[in-house]
Amino acid sequence: MLFITILSLFSFSEIGLDTGKLHIPYADKITHFIFHSVFVFLGSLAVRERTRGQIEIKKATLIIFALAIMYGIIIEALQYTITTDRHAEFGDVLANTLGAFAGLVSIRWLFSKEKPLKWKF
């Protein structure tokens, strides 16, 4: 989370880092999607691990899903208020939300198949 926060609020242009001539359309939206998908996936597993399985995977995914969406909105608000060359975008919030939803669906899929992954301690 600290890594994502730093990348989201740090200005790379101030230190002269060039992004190069490679331009991938919507690369920032893809990055937002992937970060938040991984956030929910790993976060759900972390909640289950930290609580020793006392919180069901469905509840853990909902908690982390809500946290991921709130985190994404807070980062966008911080970009709008405290940075000079970073911009808050609704598209980023949408990509964050879709990524979080993809993480939620993937973790639930893994634990709800006919032979789901078992949580062993």
| query | What spacing in nm lies between the two simple spin-label points modelled at THR51 and ALA88, each 7 Å away from Cα in the Cβ direction? | reply | 3.1
| Extended-chain gain in nm, criterion 0.36 nm per residue less alpha-carbon gap, ASP28 and ARG108 | 26.2 nm
| remark: If unit charges are put on Cβ atoms (+1 for Lys and Arg, -1 for Asp and Glu) and the dipole of segment 33-121 is taken about its Cα centre, the option from GLY91, GLN79, ILE34 lying farthest towards the positive end turns out to be ILE34
| field | Full-extension gain in nm, LEU98 to LEU9, via 0.36 nm per residue minus C-alpha separation | value | 29.9 nm
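Coordinate-derived values only; no laboratory data. All values derive from a computational prediction rather than experimental measurement. Because the Cβ atoms are built from the backbone with ideal geometry, glycine has one as well, and the counts that use them run over all protein chains shown.
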